[in-house]
Amino acid sequence: MKKKFLALLMASVMMLGLAACSSSSDATTEGTDATTEEGGDTASGDLPTVGVLIYKYDDTYISTVRNSLQAALDGKATVEMQDGKGDQATQNDQLDVMISKGVDVLCVNMVDAKAASGVVEKASAAGIPTIFFNREPDTEVIKSYEKACFIGTNAIDAGKMQGDIIKDLMDAHPEYDLNGDGKVQYVMFQGEPDNPEAIARTQYSVEQAVANGLQMEQVGETQVCNWDTETAQKAMEAMLAANEGKIELVIANNDGMAIGCIAALSNIGYNTGAEGAPYVPVIGVDATDAAKDAIAKGQMSATVLQDGDAMGKAIAAAALNAAAGKEFLDGTDYVYDDTGVAVRIPYAPYTGE
Ligand code: CA
């Protein structure tokens, strides 16, 4: 008991020490910032400030991007980051604050991509280079400001990759054709109704499967579940109540909804991961930890890896260039696509193999 107490005491002393360390280093950083104008002689005194606006922190994929961006800028820039909490008005206010603070570069993950023209207006008036990422504004809006660019993915590619995965799955598993009619009876779970990314995934997953030679037949209506796990679970429960045994594939625009579908399936004994349990293949997009886990447990077939880590690194590289007064892609391996203002981070299939 005594030993344990001592160990605890030691641990808390160490933690206090750490806390003291980190707070003193914070103080040092602030102090250095304050003396920058007098020509601070440490490297940190010259650090640029990168303002980052996130559409909402509570998004698994965006969290990956956020952490990667933060890590890539560590020691190279002071990062000011704000959570838009899914509200464009909140994000507009945060933008105003960042501009008034005089950040050197803005990295903006729009809540509503259609509101990007307002961001361009304010950022260009202040002369602050702006990198939009993940949620894509109209190309014309980006082009309207010479110090703006976009870093994201190609919405169509995620859908096409799902279509390729479907083809591979069905070829490898003829038993998935439950009714033996040579067609794939599928259900579709869509993110938001008007989100271009969601629309493209819904459309191109099926189109690509058809282009690959499959016959696709939708069961029921497309279920719009706003990327949300619980909403998708409820919708899938209703789908199963009406069509149990007739669904041969679940296609979801993201892993969050795919996980909801798996919960609904496993509640009635499907996709439990147990040997011999009935199984309906489920595919998603994002390669979240929950999806990777479900794939490893045999509850899910595949997902599409949206490489948040690579995205964060690309944003950081462009931001540091811009803050140094250079062109966004200067000295990097990134290239613009044919719009001339957008960089596309590629997707990859993930099957856990
Ligand atoms: Ca069939």
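The values are calculated or read from the model by the stated rules, or taken from the named source; none is laboratory data. Nothing here was measured: the structure is a model prediction, and the numbers come from that model. Every residue, glycine as well, gets a Cβ built from its backbone with ideal geometry; the counts of neighbours run over all protein chains shown. Note: accessible area is taken over every heavy atom of the protein model, side chains too, but ligands, DNA and RNA are not part of it. Shrake-Rupley method; radii C 1.70, N 1.55, O 1.52, S 1.80 Å.
Grab the beta carbon distance between Lys234 and Lys297, set R0 = 22 Å, and tell me the FRET efficiency rounded to 0.05. Walk me through the intermediate numbers first.
Working: r = 23 Å, r/R0 = 1.02.
It comes to 0.45.
Please get the size of the charge dipole for the range 273-329, origin at its Cα centre, with Cβ charges of +1 on Lys and Arg and -1 on Asp and Glu, quoted in debye to the nearest 20.
Computed charge dipole of the range 273-329: roughly 120 debye.
By the scheme Lys and Arg +1, Asp and Glu -1, what is the net charge of all other residues having a beta-carbon under 13 Å from that of Gln82?
The answer is -1.
Can you work out the accessible area per residue across the chain, with the rest of the protein chains kept in place, probe 1.4 Å, in square angstrom? Mind dumping the intermediate values first?
Details: 17200 Å² over 353 residues.
It amounts to 49 Å² per residue over the chain.
Set the Förster radius R0 to 22 Å, insert the Cβ-Cβ distance between Val335 and Val210 as r into 1/(1 + (r/R0)^6), and round the FRET efficiency to 0.05. Mind showing how you got there, number by number?
Numbers: r = 31 Å, r/R0 = 1.41.
With a Förster radius of 22 Å, E is 0.10.
What length, rounded to one decimal in nm, is gained on full extension from Asp289 through to Glu192, with 0.36 nm per residue of separation minus their alpha-carbon distance? Could you put the intermediate results ahead of the total?
Numbers: separation 97, 0.36 × 97 = 34.92 nm, distance 2.20 nm.
32.7 nm is the gain from fully extending Asp289 to Glu192.
Where in the chain are the DSSP H helices whose C-alpha atoms run 24 Å or more along the long axis and whose mean Kyte hydropathy is at least -0.5?
Working: long enough: 2-35 (49 Å, 0.45); 155-172 (27 Å, 0.02).
Flagged H segments are 2-35, 155-172.
Can you give the calculated 222 nm mean residue ellipticity of the chain, where each DSSP H run of n ≥ 4 adds -39,500 (n - 2.57) and the sum is split over every residue, rounded to the nearest 500 deg cm²/dmol?
-15000 deg cm²/dmol
Using 14 Å as the cut-off for backbone N distance, which residues of the range 300-324 belong to the label zone defined by a point 7 Å from the Cα of Lys76 along Cα→Cβ?
310-324
In the range 156-306, what percent of the accessible surface is made up of carbon and sulfur (1.4 Å probe, ligands and nucleic acids excluded)? Don't jump to the answer; show the numbers that get you there.
Numbers: 3020 of 6320 Å².
Result for the range 156-306: 48 percent of the exposed heavy-atom area is carbon or sulfur.
Quantify how much of the Cα-Cα distance distribution of the range 99-257 extends past 20 Å, in percent.
Result: 58 percent of Cα pairs exceed 20 Å.
Which value, in debye to the nearest 20, gives the size of the charge dipole of the range 156-306 about its Cα centre, when Lys and Arg are +1 and Asp and Glu are -1 at the Cβ?
So the dipole magnitude of the range 156-306 works out to roughly 120 debye.
Convert 4 °C to kelvin, take the viscosity as 1.567 mPa s, use the Kirkwood radius over C-alpha pairs of the chain as Rh, and evaluate the Stokes-Einstein diffusion coefficient in µm²/s, rounded to a whole number.
It diffuses with D of about 58 µm²/s by this estimate.
If you average over every viewing direction, what projected area does the convex hull of the Cα atoms of the range 219-310 give, in nm²?
Computed as one quarter of the Cα hull surface, the answer is 5.6 nm².
Can you send over the carbon and sulfur percentage of the accessible area for the range 40-128, probe radius 1.4 Å, protein chains only?
Accessible surface attributable to carbon and sulfur in the range 40-128 totals 45 percent.
With +1 on each Lys and Arg Cβ and -1 on each Asp and Glu Cβ, how big is the dipole of the chain about its Cα centre, in debye rounded to the nearest 20?
Using only the charged Cβ atoms, the result is roughly 840 debye.
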